[in-house]
Amino acid sequence: MIAKELVTLPVGCSQRQRWIDVLTVFSSVGVVFLHCNLVYWSRPSGISGLVSNFIECFFYFCVPVFFMISGCTLLDFRRRYGTGEFLLRRFKRAVLPFLFWSIMAWLSLGSGGLKELVLSVLNTSAMPVYWFFPQLFGCYVAMLVLSYVQEKRRLFLLLAGLLFLTNSVLLFCEKLFCWGVSAAWKWPLGSEFVLFVMLGYVLGKSEFGWRVRWLIYLLGLIGFGLHYFGTWWLSPVGGPINMLFKGYVNWPSVLYSAAVFVAAKNISWSGGYALRPLAWLLDNLKSASLSIYLLHGFLVYWLFPKSLPKFLGCEYGSLFAYRLFAPLVIVATCVAIHYLLSRIPVVRHVLGSK
């Protein structure tokens, strides 16, 4: 039934659409919420624990969806340009900003020689939130191969299914049964997040009937429910957090992220009076989405933990004031910095601006 209702979209549909901008903005903002919710990892009790668990699980789609957007918008790049231009665009858009801000983070920490600098960049130790970039670069390498396969639907779906079984289901079995499975059985094709690149392409370039869509939504709710209630029930008060249902490539996360992706695609974001303010906000935030990711770590970990709680009149990590309002202040600050720096011709390139 699913195969019959899956229809590949025409070439023209590879262009960026409003729902892609929606996912990009919400994902970049959601990452800030996750990083302002570090109290979650101490498994607090009561309302604080319930809310921190909800923030963690609700915004868990952000990282997978980033990779899914890349798959949806980039995997068919050969229809528009060649390998050389693809690599040049990715270098300007992602590699150059990563290198620049990683070096800035290392310089901010102080001492060390050339070896320490290189290791800091490679291991993202100066700015741990940049762990995302090496995985992304691995996905770019995989795209060079998958771009030749993406039109062969059966082979493409077979590869995606194998990645789901070896990287998601096998990961869950490892945690559930305490198995020590050899890493040789995991087939990442350059990065374990390649699964989301392929999933984003399939879901983004296909139309599903309402039955299939609601099945995806149901599976997404199951994934979210297992992550939220399962982790809450298995994790003792005071920590540590039980990791059985956690992990971005774990199957509950895959199902939940896929449901969010499909839901965003099937919502009309351009019509209706109530959505006009949201459309205006999206137009002003979408160009700053990468800057939010690049800059927020400097604010979350170094500047704001001491200054922002005083401004909000609360303690660092408190329930409502900090974890709910601090992300909004941090996002607004990152957007302001983005628009200031983007006016400087040379500097704008280290923000990944087009």
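Values quoted throughout were computed directly from the atomic coordinates according to the rules given, and no laboratory measurement underlies them. All values reported here derive from a predicted model rather than from experimental measurement. Using ideal geometry, Cβ is built from the backbone for each residue, glycine included, and neighbour counts are taken over all protein chains shown.
For A332 and N123 in one chain, what is 0.36 nm times their gap in residues minus the Cα-Cα distance, to one decimal in nm?
Details: separation 209, 0.36 × 209 = 75.24 nm, distance 2.86 nm.
Full extension from A332 to N123 adds 72.4 nm.
Once you put a point 7 Å from the Cα of M104 and another 7 Å from the Cα of S42, both along the Cβ direction, what distance in nm separates them?
Rounded to a tenth, the inter-label distance reads 3.1 nm.
Run lengths n ≥ 4 of DSSP H only: what is the helix-derived mean residue ellipticity at 222 nm for the chain, with -39500 (n - 2.57) per run over all residues, to the nearest 500? Walk me through the numbers on the way to the answer.
On the way: 18 runs with 210 residues, N = 354.
Mean residue ellipticity at 222 nm (helix-derived): -18500 deg cm²/dmol.
Collect residues whose amide H, placed 1.01 Å from N in the peptide plane, falls under 5 Å from the amide H of E207; neighbours closer than 5 in sequence don't count.
Amide H to amide H, under 5 Å and 5 or more residues apart or across chains, E207 pairs with V7.
Efficiency by 1/(1 + (r/R0)^6): what FRET value for L50 and E116, r their Cβ-Cβ distance, R0 = 45 Å, to the nearest 0.05? Spell out each step's value before the answer.
On the way: r = 42 Å, r/R0 = 0.93.
Efficiency computed from Cβ-Cβ geometry: 0.60.
Enumerate the residues in the range 136-156 having an amide nitrogen under 17 Å from the point lying 7 Å beyond the Cα of T83 toward its Cβ.
Correct set: 138-150.
So how far apart, in nm, are the two label points at L221 and E207 if each is 7 Å from Cα heading toward Cβ?
It works out to 2.6 nm between the two label points.
Please arrange W232, W179 by how many other C-beta atoms lie within 10 Å of their C-beta, fewest to most. Don't skip to the answer; put the middle values down first.
Working: W232 17, W179 9.
The fewest-first ordering by Cβ neighbours comes to W179, W232.
Of the listed pairs K115/K175; K115/K286; K115/K246; K92/K175; K186/K286; K246/K286, which have alpha-carbon separations greater than 32 Å here? Don't jump to the answer; show the numbers that get you there.
On the way: K115/K175 36 Å; K115/K286 36 Å; K115/K246 34 Å; K92/K175 39 Å; K186/K286 35 Å; K246/K286 29 Å.
Beyond 32 Å between Cα atoms: K115/K175; K115/K286; K115/K246; K92/K175; K186/K286.
Give me a comma-separated list of calculated 3J(HN,Hα) values for the range 143-160, in order, Karplus coefficients 6.51, -1.76, 1.60 applied at θ = phi - 60°, integers in Hz, x for any Gly or Pro.
Couplings: 5, 4, 8, 5, 5, 7, 9, 4, 7, 8, 4, 5, 5, 4, 5, 5, 5, 4 Hz.
Got a sec? How would V181, V346 order by Cβ neighbour count within 10 Å, fewest to most?
Details: V181 13, V346 7.
Fewest-to-most ranking of V181, V346: V346, V181.
Distance from the Cα centre of the range 138-192 to that of the range 29-103, in angstrom?
Each part's Cα centre sits 19 Å from the other's.
Along its principal axes, what span do the Cα atoms of the chain show, with the longest given first and each in whole Å?
Extents along the principal axes: 58, 53, 52 Å.
Can you sort C178, C57 so the residue with the fewest Cβ neighbours within 10 Å comes first? Don't skip to the end; give the middle numbers.
Details: C178 7, C57 25.
Taking fewest neighbouring Cβ atoms as first place, the list is C178, C57.
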